[in-house]
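Nothing in this text is a laboratory measurement; each read-out follows from the coordinates by a stated rule. Note that the structure is predicted; figures quoted are calculated from it, not measured. For neighbour counting, all protein chains shown are included, and Cβ atoms are generated from backbone atoms with ideal geometry for every residue, glycine included.
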Amino acid sequence: MSQNNLAIILSGGLGKRFDKKLPKQFYKINNKYILEISVEKFIKSNLFKKIIVVTSSEFMNLTKEILEKKSVQIVIGGETRQKSVLNGLIEGKRYKIDNVLIHDAARPLVTISLIKNIVNEIQKYDCVIP
């Protein structure tokens with residue numbers, strides 16, 4: 001299975017429907033931030049040449065604090081989800097990646113098995129969605 005993959009984990013959302021002071025990804029489940037849980041799944045899969053976390057400028061310091069011991073790159077997102085993905089792709093372009101997986105940081109229940117299945121299937125198709 002190829003390891004020449006890029007994960008773009010979007011963490012720039014404001015969680016307006018969540019109705020709290022912070023976006024969902026900055027709350028904890030079992031003493032771990034939701035963002036941290038999501039990122040760890042991609043790290044533990046050992047399938048990624050690079051993991052880029054895209055966050056808002058407003059939460060850059062908190063994102064850095066949460067992920068300080070993780071081997072990820074953090075970039076500033078855009079005004080929309082699409083622009084944030086683009087910022088991640090622009091940053092990832094320098095790594096000459098074969099495949100890109102995009103994940104929402106506020107969805108920590110993704111499994112390593114699902115990530116592996118997606119990477120396996122992307123070897124056969126142009127695009128894969130779970």
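So, Ser38, is that one closer than 24 Å to Lys28 by Cα, polar (S, T, N, Q) and in a helix (DSSP H, G or I) or not? When the stated conditions are applied, Ser38 passes them.
For Val85, indicate whether it is touching a residue at least 60 places away in the same chain (Cβ under 8 Å), surrounded by fewer than 19 Cβ atoms within 10 Å (Cβ to Cβ), among the β-branched types (Val, Ile, Thr) and out of contact with any His (no Cβ under 7 Å at 6 or more places or on another chain). For Val85, the condition - touching a residue at least 60 places away in the same chain (Cβ under 8 Å), surrounded by fewer than 19 Cβ atoms within 10 Å (Cβ to Cβ), among the β-branched types (Val, Ile, Thr) and out of contact with any His (no Cβ under 7 Å at 6 or more places or on another chain) - is met.
Kindly check whether there is at least one residue in region 40-53 that is over 12 Å from the mean Cα position of the chain (by Cα) and free of Cβ contacts under 8 Å to residues at least 12 places away in the same chain. No, region 40-53 contains no residue that is over 12 Å from the mean Cα position of the chain (by Cα) and free of Cβ contacts under 8 Å to residues at least 12 places away in the same chain. The set of residues in region 29-72 that are β-branched (Val, Ile, Thr) and surrounded by 15 or more Cβ atoms within 10 Å (Cβ to Cβ) comprises Ile34, Ile37, Val39, Ile43, Ile51, Ile52, Val53, Val54, Thr55, Thr63, Ile66, Val72.
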